[in-house]
Amino acid sequence: MANDIHYLPQGREIEIFQTAANNKLPVLIKGPTGCGKTRFVEYMAAELGRPLHTVACHDDLTASDLVGRHLIGADGTYWQDGPLTRAVREGGICYLDEVVEARKDTTVVLHPLSDHRRVLPIERTGETIEAHPDFMLVISYNPGYQNLIKGLKPSTRQRFVAMSFDYPDPEQEVVIVCQESGVDKQTAQQLVALGNDLRRLKDHDLEEAASTRLLIYAAMMIQSGLTQSEACTACLAQPLSDEPETLVAIERLIQAHF
Amino acid sequence: MEEFVGELWHKLITRQAQTDFAEAKVEFASLQSQLATYFRAMGGEPGKNLEGTGPRAFNPKRRLAQRMAGSHRHFAVCWQDDRGLRLPISLAYFPDSALNEALYFWQTALAAQLPTIRHWFADNQQATHDLLKKRPGLAAGYQQLAEATLKTRPDLETLKGPELERELAIQQAIREPGSVDQLPIAVGDPLPVPIWIYPAPLYALSPDSDDDLDDMGDGSRAEKQLNTGRKQAERIDDAKQTDGLLVFKLECLFTWAEQVDLDRCQEENLDDDSSTADDLDIITLSRKRRAGAARLKFDLDLPSAQNDDLPVGEGIRLPEWDYRKQAYIKDYCLLQPMLADDALPAAVPDYLRNQARVLKNRFSMLRPQRTWQRRQPYGDEIDLDAWLELKTQPLRNEEHQDLYRARNNPQRDLACLLLSDLSMSTDAGLGANGDSDQRVIDVIRDTMLLFAEALSSTGDPFAIYGFSSVKNKQVRYQLLKNFSEAYGDQARGRLLAVKPGFYTRMGAAIRQSTEVLKLQKSQQRLMLILSDGKPNDIDRYEGRYGIEDTRRAVIEAKQQGIQPFCVTIDERGNDYLPYLFGEQCYAVVNDLARLPVLLPKLYLNLTGISA
């Protein structure tokens, strides 16, 4: 099958996802920011040939944003399906990104969908939709934020096949950075080495580590003609910290690489 | 007149002898935090501290003027041991201050590359070579430093014989790291090379060591001994500081004897006890043992009534969980709330003022945002969702529809109680060997203070309590700031006056904190527990009993809708905290010095305010 999306597997995640899809099981993906969760889901959607409905969850996302609501048209009111309902009806992958950000009530609508019932009851219309055989629920979250108030309830987590993602190995990451940005291998290697230096600072000086995504951004900026140190400052120093002292240290670190 | 001439002469000679560039001096203190971050990013162990160090004694060949001035016997070099990286308190090797600054960063990077040093000459070359290969951006900077260093090397024409050969080898090694294998042997020390790392000094070698005494206190000559195995072993011993003075050895014996007699504290780690020496590293443990040995004496050690804090009320009776019976022992603990009524009101101490200000600013920005509330009977805007629903579901009751959106009061519904362990173990010094001047309790005190400063600017209700215990009949529950009191100089004075107490009967303290938090009407109730080790007391409250009771207390708190979270500085916390608090509900802080800054950050993460 032709698949235009590039994804470099780190382990057996493709097989696991595939098997879960064949068994109609929902999948939970956890991992730090920018390590390739969304890209993986896009890739798998293309691989399985199913449409992808992505919902970026935010703290004001309600159940009706997912399920749908009544609207008023020229001929009176009509029901408008939300992205979840559409995927349930027509088949396809519904991907809820950063699901913990959503309000608590939204996860409840996921429960009957994510166990053996595979149904979506819509309270407002009194309808109960049976899920299309190709429907698949995928949610993701970042366990790095130890957050007591927003967390995934164990009862929700229990319903998913879970996979843990992390930043790729340096060699793989070099390949990814080259592939995505088109920089030469040597620059990519230096960027990845710098990224790994920065990752050591997590929890200590930085709240979050430099993601693969940021490394790719930096590589793209370099590829478009920005000097290496400018690109690194703009993409790898400033986004990660506001502390002047930490920034100076990161600047020094960049100079040590380029 | 004589004095005047003497002074002139002194000035003249010292100026003649002078090789430092005072006008280009760079201070370590101004770069410390940057260097620390740099060190960690370069792969240095995150637990290591960066500290300033004074000059070290060397014995290089000196010029006449230098000999007359009595200078050039001490040099500022960079070295490291298990505890930390020591950088010179100031650097003035080079005429350009930018170069001196670059030297600090170079030393830091090289030290991260070279955590243990075996052979001064070979290892430095190898590490430099590796570092430049790994981080090519450093090459240009190294070139500058190397050139500047070569300019400060002794004039080759003044040297002869083995000294000349040695100097040539060093200069070659600086120019092309990794190119020279052996350092020729010569009298005295070579002039120290500032761009290299030095081994830890051997000051504390035991007097009865068979090491050549001439070689003591001078790590730079390690290069002479190509067979370095012996020396290295000695260095490891040195770091443990267990075989120094004879007195210390006797002390070893005492502690060992006590330990065997008492059969205390050791039931959990019988296996570890095979090496008494290792145990001795942990000063807190041995202190506790001694106190436990003299139990009677210990009770007399309790402060007298007038010197003690004011007990509030009669005390509160609390149950305790006995895991062997799988039942509560009713009213077993007597918890005594205490108030330090004699603590004077105090302002933020000077050394914390800066940090407190930064935190306050940061937290005051995080005052809860006004958010929209849906479906209100009145408000600023129409709630379109509610209105649509009304229109599309005409059967519903048309009266009493809440069709507006309103901005709510900016109040986060979150109450936080910070419970600090004030047990005796917090009296221990910081650092791996517990020999620093700063004690754990000082850090805990600063942490509580900064936490209070930060939270007082968010407007979230919070309370701070401390606890320690002497058996079940006296669990001291120190009231530092309660929920209803406004945070001010009074509460700050009490925070600053905290003293380390006795033992850690954690279960009772958690139960009481649960009671306090239950009275708060907030929706989210967070109990942060700041601890330095396992629960223990001098009766049976230790080992499994203490763990089980604490776990039970945590479960009770969770059942009341309270979220307990434990922050520990115990490196072994990972062993038992998951069982006590649950997988996601604890954090181990490795670098104690950063705890005061980390705790407010952790609070933000936990409450999801910044995420």
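Observations on the model:
- Residue match in the stretch B:70-79 (condition: touching a Gly at 6+ places or on another chain (Cβ under 8 Å), within 14 Å of another protein chain (Cβ to nearest Cβ), closer than 21 Å to B:W196 by Cβ and part of a strand (DSSP E or B)): no
- Close pairs from the stretch A:236-258: first more than 8 Å from every other protein chain (Cβ to nearest Cβ) and surrounded by 19 or more Cβ atoms within 10 Å (Cβ to Cβ), partner assigned to a helix (DSSP H, G or I) and among the charged types (D, E, K, R), Cβ under 7 Å, at least 6 apart: A:A237/A:E251
- Qualifying residue in the stretch A:184-198 (condition: more than 12 Å from every other protein chain (Cβ to nearest Cβ), within 29 Å of B:L35 (Cβ to Cβ) and without any contact (Cβ under 8 Å) to a residue 12 or more places away in the chain): no
- Here the condition is being under 21 Å from A:T33 (Cα atoms), surrounded by 21 or more Cβ atoms within 10 Å (Cβ to Cβ) and of a type in the set (V, I, T); of A:V55, A:V161, A:V88, it holds for A:V55 alone.
- Applying the condition of being in contact with an Asp or Glu (Cβ under 8 Å, 6 or more places away or on another chain) and part of a helix (DSSP H, G or I) to the stretch A:199-215 and asking which residue is farthest from the other protein chains (Cβ to nearest Cβ) yields A:T212.
- Residue, farthest from B:D591 (Cα to Cα), within the stretch B:22-44, restricted to residues that are assigned to a loop (DSSP other than H, G, I, E, B) and either modelled with pLDDT under 85 or among the small types (G, A, S) (or both): B:G43
- Here B:K325 meets each of (1) in contact with a strand residue (DSSP E or B) (Cβ under 6 Å, 6 or more places away or on another chain); (2) free of Cβ contacts under 8 Å to residues at least 24 places away in the same chain with one exception, condition (1).
- Elements of type strands (runs of 3 or more DSSP E) contained in the stretch A:1-84, each with 2 or more residues being more than 16 Å from the chain's Cα centre (by Cα) and touching a residue at least 24 places away in the same chain (Cβ under 8 Å): A:68-73
- Residues in the stretch B:153-176 that are among the acidic types (D, E) and surrounded by fewer than 17 Cβ atoms within 10 Å (Cβ to Cβ): B:D155, B:E157, B:E165, B:E176.
- Count of residues meeting criterion [more than 30 Å from the chain's Cα centre (by Cα), in a helix (DSSP H, G or I) and surrounded by 21 or more Cβ atoms within 10 Å (Cβ to Cβ)] in the stretch B:83-131: 3
- Looking at B:Q584, B:Q524, just one residue is assigned by TED's automatic domain parsing to the domain that holds B:Y465, modelled with pLDDT of 80 or more and surrounded by fewer than 20 Cβ atoms within 10 Å (Cβ to Cβ), and that residue is B:Q524.
- Filter result (of a type outside the set (A, V, I, L, M, F, W, C), assigned to a strand (DSSP E or B) and modelled with pLDDT of 80 or more) within the stretch B:334-381: B:Q336, B:P337
- Every listed requirement among (1) small (G, A, S); (2) more than 9 Å from chain A (Cβ to nearest Cβ); (3) more than 30 Å from B:L156 (Cβ to Cβ) is met by B:G44 save one, (2).
- Lone unmet requirement of (1) within 14 Å of chain B (Cβ to nearest Cβ); (2) surrounded by fewer than 17 Cβ atoms within 10 Å (Cβ to Cβ); (3) not β-branched (V, I, T) for A:P32: (2)
- Residue count for the stretch A:165-183 under the criterion of being among the polar types (S, T, N, Q) and within 14 Å of chain B (Cβ to nearest Cβ): the result is 0.
- Against the test of being in contact (Cβ under 8 Å) with a residue 12 or more places away in the chain, away from chain A (no Cβ under 14 Å), closer than 28 Å to B:I185 by Cα and in contact with a Cys (Cβ under 9 Å, 6 or more places away or on another chain), the options B:P88, B:P60 yield a single qualifying residue, B:P88.
- Strands (runs of 3 or more DSSP E) contained in the stretch A:86-180 and holding at least 3 residues touching a Lys or Arg at 6+ places or on another chain (Cβ under 9 Å) and more than 30 Å from A:Q190 (Cβ to Cβ): A:92-97, A:135-141
- Candidate set from the stretch A:218-232 (those that are crowded, with 19+ Cβ neighbours inside 10 Å and free of Cβ contacts under 8 Å to residues at least 24 places away in the same chain); member that is farthest from the other protein chains (Cβ to nearest Cβ): A:M221
- Applying the criterion of being in a loop (DSSP other than H, G, I, E, B) and out of contact with any His (no Cβ under 6 Å at 6 or more places or on another chain) to the residues of the stretch B:58-69, the residue that is nearest to B:K11 (Cα to Cα) is B:R63.
- Checking B:L50 against (1) over 29 Å from the mean Cα position of the chain (by Cα); (2) under 25 Å from B:S97 (Cβ atoms); (3) of a type outside the set (G, A, S); (4) buried (at least 17 other Cβ atoms within 10 Å of the Cβ), the condition it does not meet: (1)
- Residue within the stretch B:4-26 that is surrounded by fewer than 17 Cβ atoms within 10 Å (Cβ to Cβ) and within 14 Å of chain A (Cβ to nearest Cβ) present: no
- Residues in the stretch A:140-151 that are at the interface with chain B (Cβ under 10 Å from one of its Cβ atoms) and at pLDDT 75 or above: A:N142, A:P143.
- Of all residues in the stretch A:43-86, those being out of contact with any Gly (no Cβ under 9 Å at 6 or more places or on another chain), away from every other protein chain (no Cβ under 13 Å) and charged (D, E, K, R) number 1.
The values are calculated or read from the model by the stated rules, or taken from the named source; none is laboratory data. Predicted, not measured: the structure shown is a model, and the values here were computed from it. We place every Cβ from the backbone using ideal geometry, glycine too, and count neighbours over all the protein chains shown.
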